[in-house]
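Colleague: The structure follows.
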Amino acid sequence: MRTFKNILWGLVLIVLGILLGGKALGLWNINVFFKGWWTLFIIVPSFIGLFDEDDKTGSFIGLIVGIILLLSCRDVIDFSLVWKLILPIILVVIGLSFIFKDTFNKEINKNIKKLNKKMTSKEGFTSTFSGQNINFDKEEFKGTTLNAVFGGIELDLRKAIINGDVVINATSIFGGINVYAPKNCRIKIKSNSIFGGVSNQRKFEKNEGEHTIYINASCIFGGVEIL
């Protein structure tokens, strides 16, 4: 999925380069800097973000806002009406995402609830205006809770002992959480995010008998990365 996003970005830059080069050579007279061109800095990244395999709420909101602003700049809709509609639209999209996200992820929600109930270790880690590096080298990992508020947390599980499915409850508010996962575990994600999200950069090769790490993430202007 990450490769596909890179291809999309590459195509966007190639097309832009061809348009600018052709105009410089006099091959065509296409005005790249049309009225409202700056909205593309919102529309294009948001559109590409929709192809992310994880949470898409922020990208969907950005795409809608960008299109509305573009239409306003092109005098298709009244600019004063835009400012009245943006907040209601954002609230509706966020509300729908919370409702339908639970509907489509029933199995993941069920497993996360089950793992949280039987989690014997209640130890959690909180980073507020600071950073933490947590390492479980040669230690048994049974799940945890991570809270990053204007701070950062790095959780290294690459050499951890994992004897069953586990859950990581991760909350990132204006912060960042990096989880270094072992290669022999699957990753399944549940994300409730507003202008943030979860990025899974790790590839998993199918192998029977492996355990699953569930990422239960809530991000507000923050992010969680699986590495």
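Laboratory data are not the source of any read-out in this text; all were calculated from the coordinates shown. Remember, it's a predicted structure, so these values are computed and weren't measured experimentally. Positions of Cβ are backbone-derived with ideal geometry, glycine not excepted, and every protein chain shown enters the neighbour counts.
Colleague: Which ordering of Trp37, Trp28 is given by a fewest-first count of other beta-carbon atoms within 10 Å? Walk me through the intermediate numbers first.
Modeller: Values: Trp37 12, Trp28 9.
Exposure proxy ranking, most exposed first: Trp28, Trp37.
Colleague: Taking the Cα atoms of segment 106-226, report the difference between the largest and smallest coordinate on each principal axis, in whole Å and largest first.
Modeller: Result for segment 106-226: principal-axis Cα extents of 39, 32, 29 Å.
Colleague: Multiplying the sequence separation of Asn109 and Trp83 by 0.36 nm and subtracting their Cα-Cα distance, what value in nm do you get?
Modeller: Net length gain for the segment: 5.7 nm.
Colleague: A follow-up question, please. Please list the three semi-axes, largest first and in whole Å, of the ellipsoid equivalent to the chain, using sqrt of 5 times the eigenvalues of its alpha carbon gyration tensor.
Modeller: Numbers: eigenvalues 311, 91, 49 Å².
Here the semi-axes work out to 39, 21, 16 Å.
Colleague: Let's test the formula: R0 of 35 Å, r as the Cβ-Cβ distance of Ile14 and Leu227. What FRET efficiency results, to the nearest 0.05?
Modeller: Values: r = 29 Å, r/R0 = 0.83.
My answer for the efficiency is 0.75.
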